[in-house]
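Working notes, structure below.
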Amino acid sequence: MKTWLESAAESLPLVIFLAYIQVADMAVRADWLVPYGLASAMGLATSLYLYRRKLIFNRLLLGINLYFFSGLLGLASNWDWLNQLYGQLGAVAMLGWILLTGIASGLASPHGFLGTLTPGYLSLPQNSLLLLVATGLATVTAACFMGNKWLGEWLPFIFLFSCRNLLWQLNNRTGKVLGD
């Protein structure tokens with residue numbers, strides 16, 4: 001079971017990335033290398049730590065880390081089109097990676113998208129499907145309100161993390177959850 005500190009450390013890549021892009025001038029392509037690099041390095045470090053401890057990853061944060069890795073790969077490979085696309089899509093790109101992670105973990109992982117060991121209030125496939133639907137709704141909302149900081153960026157993530165927490169709490173009352 002993850003400690004509070006381990007769960008907090010898992011979210012550090014996102015915190016580092018968001019803090020950096022808020023204080024730095026991100027107009028130049030090269031400026032993106034630092035936040036993507038820092039977030040990717042922290043994401044890799046926390047992922048290795050969690051893996052070595054045999055803890056289940058928070059699938060939402062895993063998707064966000066994959067977004068950081070792909071952004072860093074795009075910069076390192078001079079794939080300007082990828083970072084231009086990420087710039088145009090904004091939060092939709094990050095939510096897209098979460099959606100892909102949800103599909104993959106829902107299909108391939110015995111713990112599903114939510115990351116539970118045993119079914120609780122809902123079955124493992126039901127948990128995965130509900131969280132996947134919530135991710136889809138958040139992604140569509142972000143796409144519909146691109147350019148609007150509140151409706152296109154903050155609200156979809158607040159909604160998604162709240163849905164995950166609600167599903168986790170429901171499962172935790174009646175089943176065992178690994179990693180949280």
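The values are calculated or read from the model by the stated rules, or taken from the named source; none is laboratory data. The structure displayed is predicted, hence computed values, not measured ones. Cβ atoms come from the backbone with ideal geometry, glycine included; neighbour counts cover every protein chain shown.
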Members of segment 71-93 that are without any contact (Cβ under 8 Å) to a residue 40 or more places away in the chain and surrounded by 19 or more Cβ atoms within 10 Å (Cβ to Cβ): Gly71, Leu72, Gly74, Tyr86, Ala93
Hey, any hits in segment 109-127 for a residue that's surrounded by 14 or more Cβ atoms within 10 Å (Cβ to Cβ), aromatic (Phe, Trp, Tyr) and more than 26 Å from Thr3 (Cβ to Cβ)? no
Quick one: how many residues across segment 1-20 are under 17 Å from the mean Cα position of the chain (by Cα) and free of Cβ contacts under 8 Å to residues at least 24 places away in the same chain? 4
How about segment 1-62: which helices (runs of 4 or more DSSP H) wholly inside it have at least 1 residues that are surrounded by 16 or more Cβ atoms within 10 Å (Cβ to Cβ) and among the small types (Gly, Ala, Ser)? 4-10, 33-52
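Hey, does segment 69-92 have a residue that's farther than 22 Å from Asp31 by Cβ and touching a helix residue (DSSP H, G or I) at 6+ places or on another chain (Cβ under 6 Å)?
no
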So, of the residues in segment 56-102 that are over 27 Å from Val133 (Cα atoms) and of a type in the set (A, V, I, L, M), which turns out to be farthest from the chain's Cα centre (by Cα)? Ala76
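Could you name every one of the helices (runs of 4 or more DSSP H) located completely within segment 69-180 that has at least 2 residues being under 19 Å from Glu10 (Cβ atoms)?
91-108, 124-144, 155-174
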Quick check, is Leu100 over 26 Å from Cys144 (Cβ atoms) and either touching a helix residue (DSSP H, G or I) at 6+ places or on another chain (Cβ under 9 Å) or loosely packed, with under 14 Cβ neighbours inside 10 Å (or both)? no
Please enumerate the residues belonging to segment 103-125 that are in contact with a helix residue (DSSP H, G or I) (Cβ under 7 Å, 6 or more places away or on another chain) and modelled with pLDDT under 90. Thr116, Gly120, Tyr121, Leu122
Which residue is nearest to Gly115 (Cα to Cα), if the candidates are limited to segment 149-158 and must be surrounded by fewer than 16 Cβ atoms within 10 Å (Cβ to Cβ) and modelled with pLDDT of 95 or more? Ile158
